[in-house]
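Please read the structure below before turning to the comments.
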Amino acid sequence: MAVAKEAEGKGVGKSLMRFAEKWAKEQGYGTIVLYVFANNKKARSLYEKMNYTEETIKYVKILD
């Protein structure tokens, strides 16, 4: 999911997430899994406010 820069901070992402959760429940799904880059602080903050929890951490090293 992505939100246009000009829509950031206006509740668009939260509305999209709530819609996705509602749709998933209606389809019988019991879990939503999200992947987010570690430096995407806005998205991570939103997910945490919506009661998503961090589950795994991935470490990456670029080799020269």
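The values are calculated or read from the model by the stated rules, or taken from the named source; none is laboratory data. Keep in mind that this is a model prediction, so the values were computed, not measured. When we count neighbours, we look across all protein chains shown, and the Cβ atoms used for this are built from the backbone with ideal geometry, even at glycine.
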Among (1) loosely packed, with under 10 Cβ neighbours inside 10 Å; (2) on the phi < 0 side of the Ramachandran plot, which single condition is ASN51 missing?
(2)
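Hey, among the residues in segment 13-44 that are part of a helix (DSSP H, G or I) and farther than 16 Å from ALA2 by Cβ, which one's farthest from the chain's Cα centre (by Cα)?
Initial filter on segment 13-44 (part of a helix (DSSP H, G or I)): 13-26, 41-44.
Okay, now just the ones that are also farther than 16 Å from ALA2 by Cβ, so 18, 21-26.
On the way: ARG18: 11, GLU21: 11, LYS22: 15, TRP23: 16, ALA24: 14, LYS25: 17, GLU26: 19 Å.
Here the answer is GLU26.
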For segment 14-30, which positions are touching a helix residue (DSSP H, G or I) at 6+ places or on another chain (Cβ under 8 Å) and not aliphatic (A, V, I, L, M)?
LYS14
Which condition number in (1) exposed (fewer than 10 other Cβ atoms within 10 Å of the Cβ); (2) at pLDDT below 95; (3) charged (D, E, K, R) is the one that LYS42 fails?
(1)
